[in-house]
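**Q** Structure provided below as structure tokens; questions to follow.
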Protein chains: 2
Amino acid sequence: MLKLDVELGERSYPILIGPGLLAQSGILRPYIKGSRVLVVTNDVVAPLYLENLLASLQQDSSLQVDTLVLPDGEHCKTLATLQLIYDELLRQRHERSTTLIALGGGVTGDITGFAAATYQRGVNFIQVPTTLLSQVDSSVGGKTGVNHPLGKNMIGAFYQPQCVLADIDVLSTLPVRELQAGLAEVIKYALLGNHEFLVWLEQHIEALLAGDTALLTQAVKICCEEKARIVAADEREGGKRALLNLGHTFGHAIEAAMGYGNWLHGEAVAAGMVMAADLSHRLGWINADEAARARALIARAGLPVCPPPGISAEQFMSLMSVDKKVQSGKVRFILLRRLGDAVIESDIDTALLQQTLSAGADLCRS
Amino acid sequence: MLKLDVELGERSYPILIGPGLLAQSGILRPYIKGSRVLVVTNDVVAPLYLENLLASLQQDSSLQVDTLVLPDGEHCKTLATLQLIYDELLRQRHERSTTLIALGGGVTGDITGFAAATYQRGVNFIQVPTTLLSQVDSSVGGKTGVNHPLGKNMIGAFYQPQCVLADIDVLSTLPVRELQAGLAEVIKYALLGNHEFLVWLEQHIEALLAGDTALLTQAVKICCEEKARIVAADEREGGKRALLNLGHTFGHAIEAAMGYGNWLHGEAVAAGMVMAADLSHRLGWINADEAARARALIARAGLPVCPPPGISAEQFMSLMSVDKKVQSGKVRFILLRRLGDAVIESDIDTALLQQTLSAGADLCRS
């Protein structure tokens with residue numbers, strides 16, 4: 001088992017990474033402060049892993065464990081679903097000393113984390129991410145929240161867990177489309193800040209897609225290290241943390257245009273990263289070969305390399321203008337100075353931006 | 001104008017106290033970071049003070065100010081009302097750099113503060129409390145939140161404002177019943193930690209009720225100092241801050257039993273403080289004269305000195321057991337060692353507690 005520490009002063013916490021962790025009896029016990037737990041999961045993950053987690057928790061028979069199974073999917077990441085968690089906590093009379101455990105993907109983690117941040121003004125919280133995407137991204141860094149009909153993740157809080165448990169074995173039951181979506185965020189870390197990791201991914205992308213446990217463990221570890229480093233330097237996204245949004249300004253617009261959940265988040269980010277690479281090339285920062293190289297890796301991971309047809313440049317502009325990354329009316333883009341070196345830019349030549357927004361299948365092929 | 005600082009490290013902020021502050025042009029401008037503001041108020045306060053506040057803000061013509069008028073009352077302190085604030089913020093495309101200003105009493109402040117804590121994971125926030133209760137209590141200390149049908153303030157966050165503006169002149173339009181309810185919290189500070197202030201209140205209670213501006217300014221200042229001191233020592237209520245809940249364990253049960261809003265919060269706390277004094281006397285901590293003295297001051301302020309008839313001891317126990325102050329299934333009480341010296345206790349003789357819960361009009365008359 002690998003153990004990584006996210007350094008946030010009194011809010012520091014460990015990430016445990018490796019195969020077979022959920023089967024380890026009592027592994028989470030040191031991170032549970034009180035005597036009660038509410039496990040929040042979803043109807044897809046519950047039949048697969050809830051029993052394992054409960055068995056591990058019940059090693060300590062004094063622990064009183066309740067469970068709540070929510071419907072799955074991005075369209076359920078709403079205030080209405082959040083209210084179901086509050087209802088259950090109050091019906092079962094959970095106190096301030098309770099611990100919420102999120103067992104599931106990013107949606108489950110984000111909504112459970114926000115419930116933990118706001119139930120009785122804050123209770124303890126543990127993440128057990130069961131998708132590659134949530135293991136490398138959403139479970140680390142303390143962003144929690146729900147969507148609003150007018151914007152994704154518009155309601156939320158920064159709130160750190162006591163611990164994150166990333167069991168690599170659970171990835172074996174992940175649908176291939178979700179594994180691919182997770183690889184989009186893996187590729188993101190390479191493109192934004194780790195050229196060496198980019199080369200490693202170009203060597204191993206097919207083996208990762210095939211589910212190689214040792215390689216996946218290594219990839220999750222590197223991604224968590226990259227994210228932990230960036231989050232430790234900028235917990236509340238005053239500056240550098242925004243780099244983690246590479247591909248997300250475009251990606252969120254795609255998700256909103258398609259209706260949340262029709263494109264997976266990782267798929268939208270993948271297309272968004274190709275758009276970011278394309279715009280970076282039009283700005284003269286990366287050359288045509290580098291742009292093509294970014295696109296090629298994303299394609300090899302089985303991910304979309306352009307936005308769905310039918311989103312006009314005007315619709316993109318409108319959707320991007322409600323993004324949280326907007327400052328003083330200006331959309332902020334995360335772009336590539338080089339492969340492995342991203343920067344934050346809000347003064348972008350509108351004509352070049354329009355070209356990227358209209359390029360469709362020709363992105364990174366100029 | 002008096003200026004008090006709440007010392008919370010990088011989250012420190014000033015409280016401005018005095019008559020005529022809302023009429024001062026530009027008084028809030030130094031505390032607004034961006035160029036946009038959403039003023040959230042309610043339909044009772046808006047006709048009285050919204051114009052004044054807008055005039056003061058419009059001293060800076062570059063500031064873009066939107067307003068949202070909510071329905072008033074404790075029964076509106078819900079997730080549904082909170083959603084109206086999110087809707088407005090997104091409809092008007094407010095960004096992370098926006099500032100929310102709460103103009104109103106505790107309900108408006110709590111719900112607006114929670115919206116600020118959670119919109120885009122946190123935006124700036126200013127409190128302009130317009131009731132005595134919110135000036136001395138709810139606007140200071142960073143507790144924000146909404147009620148759940150199964151419990152008051154069960155959903156919320158600790159979130160500090162940039163500034164609190166307490167204009168004493170606005171108290172002149174306050175219905176006498178609300179002024180009385182505010183005096184309950186004023187008396188609370190004296191009973192829990194300031195015997196000298198208790199003697200001062202016994203001298204001036206009728207003049208305060210009559211709306212004497214100089215005395216009210218003095219009282220608000222002392223209460224804010226007391227609260228600021230306690231909050232600075234224990235921002236997230238790990239310990240001593242719980243003393244501020246004197247009268248609240250009983251009071252919340254009364255509010256819940258009567259339906260939120262039928263008894264004012266201050267009225268319920270007043271009866272709760274008499275119950276706390278009664279129980280403290282039964283425990284042998286304060287003598288009969290001291291208990292009677294607490295009751296007498298509360299009565300002189302025109303406040304209830306016993307719970308409404310018809311709440312059984314069993315109902316009290318059940319309602320108190322969902323209070324946020326419950327730890328490991330034990331209800332925690334704030335009781336009086338002496339007048340001006342409160343303590344936190346959870347090991348209470350059940351028979352004595354039952355006597356207090358059943359005493360009705362005979363509280364503090366043993």
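Only the coordinates and a few stated rules stand behind these numbers; no lab work does. What you see is a predicted model; the values in this text were computed from it and never measured. No Cβ is skipped: glycine too gets one built from the backbone with ideal geometry, and neighbour counts run over all protein chains shown.
**Q** Measuring from label point to label point, each 7 Å out along Cα→Cβ, what is the B:Asp5 to A:Asp5 span in nm?
**A** Rounded to a tenth, the inter-label distance reads 3.3 nm.
**Q** OK, next. Find the centroid of the Cα atoms in region B:25-95 and in region B:135-173, then give the distance between the two in whole Å.
**A** Here the two parts' Cα centres lie 15 Å apart.
**Q** What residue among A:Leu215, A:Leu68, A:Leu48 has the largest mean-square fluctuation in a Gaussian network model of chain A, using Cα springs under 10 Å?
**A** In this elastic network of chain A, the residue with the biggest mean-square fluctuation among A:Leu215, A:Leu68, A:Leu48 is A:Leu48.
**Q** Okay, moving on. Using only Cα atoms, figure out Rg for region A:176-362 and give it as a multiple of 2.2 N^0.38 Å.
**A** That ratio works out to 0.96.
**Q** Here is a further query. What percent does the relative contact order of chain A come to when contacts are Cα pairs within less than 8 Å and at least six residues apart?
**A** This gives 15 percent for chain A.
**Q** What angle, in degrees between 0 and 90 and rounded to the nearest 10, separates the Cα long axis of helix A:265-282 from the longest principal axis of the Cα atoms of chain A?
**A** Taking the Cα atoms of chain A, the angle to A:265-282 is about 30 degrees.
**Q** Any chance you could give the angle, 0 to 90 degrees and rounded to 10, that helix B:248-258 forms with the longest Cα principal axis of chain B?
**A** In chain B, helix B:248-258 runs at an angle near 80 degrees to the longest axis.
**Q** Within 10 Å of each Cβ in B:77-83, how many Cβ atoms from other chains are there, averaged over the peptide?
**A** The per-residue average across the peptide is 2.
**Q** Taking the mean number of other Cβ atoms within 10 Å as a proxy for protection, how do you rank B:3-11, B:21-29 from highest to lowest?
**A** Most protected by this proxy first, the peptides run B:21-29, B:3-11.
**Q** Here's another thing I want to ask about it. Order B:172-179, A:289-296 from most to least packed using the mean count of other Cβ atoms within 10 Å.
**A** With the highest mean Cβ count within 10 Å placed first, the list reads A:289-296, B:172-179.
**Q** Using the scaling law 2.2 N^0.38 Å as the reference, what is the normalised Cα Rg of the protein assembly as shown?
**A** Computed over Cα atoms of the protein assembly as shown, the ratio equals 1.03.
**Q** Can you give the average number of partner chain beta-carbon atoms within 10 Å of each beta-carbon in peptide B:118-127, as a whole number?
**A** Partner Cβ neighbours, averaged per residue: 5.
**Q** Which percentage, to the nearest 5, of the DSSP beta bridges contained in region A:2-173 is antiparallel?
**A** Here the share of antiparallel DSSP bridges comes out near 30 percent.
**Q** Something else about it: Percent antiparallel among DSSP beta bridges with both residues in the protein assembly as shown, to the nearest 5?
**A** 40
**Q** Further question: Give me the extension gain from B:Ser321 to B:Arg29: residue separation times 0.36 nm, minus the current Cα-Cα distance, reported in nm with one decimal.
**A** 100.7 nm
**Q** Between copies, how close do the B:Pro309 label points come, placed 7 Å along Cα→Cβ, listed in nm from shortest?
**A** Relative to the other copies, B:Pro309 has label-point distances of 7.9 nm.
**Q** Right, here's the next one. Please report, in Å, the Rg and the Dmax of chain B, where both are computed over Cα atoms only.
**A** Reported Rg and Dmax, both Å: 19.9, 65.
**Q** Rounded to the nearest 0.05, what FRET efficiency is calculated for A:Arg93 and A:Ala288 with R0 set to 41 Å and r the Cβ-Cβ distance?
**A** 0.05
**Q** Assume the label is 7 Å from Cα along Cα to beta carbon: what separations in nm does B:Arg91 have to the matching positions in the other copies?
**A** Counterpart label points of B:Arg91 in the remaining copies fall at 3.3 nm.
**Q** Among rounded, prolate and oblate, which fits region B:108-163 when a ≥ b ≥ c are the square roots of the eigenvalues of its C-alpha gyration tensor, a/c under 1.5 means rounded, and a/b larger than b/c means prolate?
**A** Judged from the Cα gyration tensor, region B:108-163 comes out oblate (a/c at least 1.5, b/c at or above a/b).
**Q** Dividing the Cα convex hull volume of region B:156-242 by residue count, how many Å³ per residue is that?
**A** 116
**Q** Oh, and also: Just for chain A, what percent of DSSP beta bridges are antiparallel, to the closest 5?
**A** So the antiparallel bridges in chain A amount to around 40 percent.
**Q** Dimensions of region B:17-165 along principal axes (Cα, Å, largest first)?
**A** The Cα atoms of region B:17-165 stretch 44, 33, 26 Å along their principal axes.
**Q** Please sort A:100-111, A:78-89 by packing, taking for each peptide the average over its residues of neighbouring beta carbons within 10 angstrom, highest first.
**A** Output ranking for A:100-111, A:78-89: A:100-111, A:78-89.
**Q** Another one. Along Cα→Cβ, 7 Å out, is where each label goes; now give me the distance between the ones at A:Asp60 and B:Ala232 in nm to one decimal.
**A** That separation, rounded to one decimal, is 3.7 nm.
**Q** Right, something else. Calculate the mean, over all residues of peptide B:88-100, of how many other protein chain Cβ atoms lie within 10 angstrom of the residue's Cβ.
**A** Whole-number average of other-chain Cβ neighbours for B:88-100 is 3.
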